[in-house]
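The values are calculated or read from the model by the stated rules, or taken from the named source; none is laboratory data. Computed from a predicted model, the values in this text were never measured in an experiment. No Cβ is skipped: glycine too gets one built from the backbone with ideal geometry, and neighbour counts run over all protein chains shown. SASA here: full protein model, heavy atoms, side chains in, ligands and nucleic acids out. Shrake-Rupley method; radii C 1.70, N 1.55, O 1.52, S 1.80 Å.
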Amino acid sequence: MTNPHFTPAPPPLVPYAALPCSAAEFRERALYWAAEFACCAYYEPNGAEYPHGPFEQLLAVTNTPDLAPTALAELESWLNRPATGPRCGFVTYDVKNEIEALSSGHFDGLQWPALHFFTPETWLYWTPEGVEIHGATVGVLAAILATVVPVEAPLPVATLRPRLPKNEYLAAVEAIREDILNGEVYELNLCQEFYAEAVALEPVGTFLRLTAASPTPFAGFYKWHDRYLLCASPERFLQKNGPQLVSQPIKGTIRRGATLAEDERLREQLRHDEKERAENLMIVDLVRNDLARVAETGTVQVPELFGLYSFRHVWQMISTVQAQLRPGVKLADILRATFPMGSMTGAPKIRAMQLIELYERTRRGLYSGTLGYVLPSGDFDFNVVIRSLQYRAGTGYLSFQVGSAITYDSDPEREYDECLLKARALLEVLGAAVN
């Protein structure tokens, strides 16, 4: 029988003032320590203020992954197992093939599993007061503090090649405009890959440079054996907080200005851009319909439409859609109703995904999938995997993908320039150019 007067021990908090190094240096050492494990996941909010909050700052590791789910059909029974800490993982874009009668046949240089989650042996939470260490904690603090941060390596690559040459990309945009005119879709998100081979990348240092160059609220680092995701995402896919579901699709991008006056002019230009507003509204409607499939009747709302948010290199137009979840609906059910996220497909979603397979040249894999964590309460938070480097250490394959939403009003050259704008921080971090 539980003693009603029993007070559990407080979590093992290490105050920042008790660390023999700065908080930033501790984070760096902790990431290098974590990257020695078979699987690790790190979620970085970058101190961002964001509606409904950014990611929690969380680091989780394991050397002995349990029988992890590899398909959506296995996810719920796995999540039903008792857990005292978070479950961490990702869902690739290719899980669409399990949800709908779709396929993915393009080249895939990374070979992620379709879906992966793990239960950590040890996990760390960063709080305003210090760092909490949970799970198997013996020797962890000492091991992190003893971790040697390597000397910064030379930049690994000078150029990246497009899987889809520019002339073919421009032709694809024109073909999609024709599809829209013919009533196939209203909007389609067309993505392209830039890649390099035989690269010797240092993943942790590269991730830290990426988050310094592009601090975003839903950044993350994920290692699965010899594959690495280095993610600087500004976009939330789905958050569950109690019965409330929140999705915050991004559609609408413009560069930042070099001066305050230019920055404000560009912000207002984005605010009044009819094409960008139309793109955003179409995806908001799609997200509303997706959430309605798992929501209490009449609870789907749009508390913010066409919100403008600044990031290091770009202004983004972000809307917030929320709903009250029906009782008994689980994560796998929610994913079946909402995945992939509409901001990365277009509308209507199924036809858009069929055309994506026709026009793109690379399997998306983890790009435009989602990275996140599920708490013991059942609450969760997942991002949209964009603005991300992916690396396979065993082969040296390095890749990133970028995209933009094509509507009938799209100008092909402008869409290509938007792709390069979104790639800017990634190229800066690599010290590379597109060949």
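Only one entry of 350, 406, 334 meets the criterion of being among the β-branched types (Val, Ile, Thr) and surrounded by fewer than 20 Cβ atoms within 10 Å (Cβ to Cβ), and that entry is 350. Do we have any residue at all in the stretch 187-210 that's at pLDDT 95 or above, within 30 Å of residue 324 (Cα to Cα) and either assigned to a loop (DSSP other than H, G, I, E, B) or of a type outside the set (D, E, K, R) (or both)? Scanning the stretch 187-210 turns up at least one residue that is at pLDDT 95 or above, within 30 Å of residue 324 (Cα to Cα) and either assigned to a loop (DSSP other than H, G, I, E, B) or of a type outside the set (D, E, K, R) (or both). Filtering the stretch 77-95 to residues that are open to solvent by less than 40 Å² (accessible area, probe 1.4 Å) and not in a loop (DSSP other than H, G, I, E, B) leaves 78, 79, 87, 88, 89, 90, 91, 93, 94, 95.
All of (1) open to solvent by 50 Å² or more (accessible area, probe 1.4 Å); (2) acidic (Asp, Glu); (3) closer than 24 Å to residue 328 by Cβ hold for residue 56 with one exception: (3). Given the condition at pLDDT below 95, among the aromatic types (Phe, Trp, Tyr) and closer than 23 Å to residue 280 by Cβ, answer yes or no: does some residue in the stretch 353-364 qualify? No, the stretch 353-364 contains no residue that is at pLDDT below 95, among the aromatic types (Phe, Trp, Tyr) and closer than 23 Å to residue 280 by Cβ.
Residues checked against (1) free of Cβ contacts under 8 Å to residues at least 60 places away in the same chain; (2) over 22 Å from residue 159 (Cβ atoms):
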| residue | (1), (2) |
| --- | --- |
| 384 | no, yes |
| 387 | no, no |
| 393 | no, no |
| 400 | no, no |
| 406 | no, yes |
| 410 | no, yes |
| 420 | yes, no |
| 424 | no, no |
| 430 | no, no |
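Please indicate, with yes or no, whether at least one residue in the stretch 174-185 is part of a strand (DSSP E or B), within 30 Å of residue 346 (Cα to Cα) and touching a residue at least 40 places away in the same chain (Cβ under 8 Å). The answer is no, given that none of the residues of the stretch 174-185 is part of a strand (DSSP E or B), within 30 Å of residue 346 (Cα to Cα) and touching a residue at least 40 places away in the same chain (Cβ under 8 Å). Checking each residue in the stretch 96-126 for being surrounded by 20 or more Cβ atoms within 10 Å (Cβ to Cβ), part of a loop (DSSP other than H, G, I, E, B) and either hydrophobic (A, V, I, L, M, F, W, C) or touching a helix residue (DSSP H, G or I) at 6+ places or on another chain (Cβ under 7 Å) (or both) picks out 110, 112, 114. Taking residue 155, is it surrounded by fewer than 18 Cβ atoms within 10 Å (Cβ to Cβ), hydrophobic (A, V, I, L, M, F, W, C) and at pLDDT below 95? Against the criterion (surrounded by fewer than 18 Cβ atoms within 10 Å (Cβ to Cβ), hydrophobic (A, V, I, L, M, F, W, C) and at pLDDT below 95), residue 155 qualifies. If you go through the stretch 127-173 and keep only what is in a loop (DSSP other than H, G, I, E, B) and on the phi > 0 side of the Ramachandran plot, you end up with just 139.
Taken over the stretch 228-263, the criterion of being without any contact (Cβ under 8 Å) to a residue 60 or more places away in the chain and under 17 Å from residue 318 (Cα atoms) is satisfied by 256 alone.
Scan 71, 35 and give me the residue that is modelled with pLDDT of 95 or more, small (Gly, Ala, Ser) and over 14 Å from residue 119 (Cβ atoms).
35
Looking only at residues of the stretch 159-218 that are open to solvent by 40 Å² or more (accessible area, probe 1.4 Å) and acidic (Asp, Glu), we find that the one that is nearest to residue 50 (Cα to Cα) is 202. Restricting the stretch 282-298 to residues that are surrounded by fewer than 17 Cβ atoms within 10 Å (Cβ to Cβ) and over 17 Å from residue 335 (Cα atoms), which is nearest to the chain's Cα centre (by Cα)? This residue is 285. For the stretch 319-345, the set of residues classified as over 16 Å from residue 300 (Cβ atoms), at pLDDT 95 or above and basic (Lys, Arg) consists of 336 only. Could you grab me the full set of residues in the stretch 316-331 that are surrounded by fewer than 21 Cβ atoms within 10 Å (Cβ to Cβ) and among the β-branched types (Val, Ile, Thr)? Passing the criteria: 320, 329. Evaluation of residue 65 against the conditions (1) surrounded by fewer than 17 Cβ atoms within 10 Å (Cβ to Cβ); (2) at pLDDT below 95; (3) over 18 Å from residue 128 (Cα atoms) shows that the sole unmet condition is (1). If you check 171, 175, 153 for being among the hydrophobic types (A, V, I, L, M, F, W, C) and either touching a strand residue (DSSP E or B) at 6+ places or on another chain (Cβ under 6 Å) or over 25 Å from residue 343 (Cα atoms) (or both), only one passes: 153.
Per the listing 304, 357, the residue uniquely assigned to a strand (DSSP E or B), of a type outside the set (A, V, I, L, M), closer than 20 Å to residue 405 by Cβ and open to solvent by 30 Å² or more (accessible area, probe 1.4 Å) is 304.
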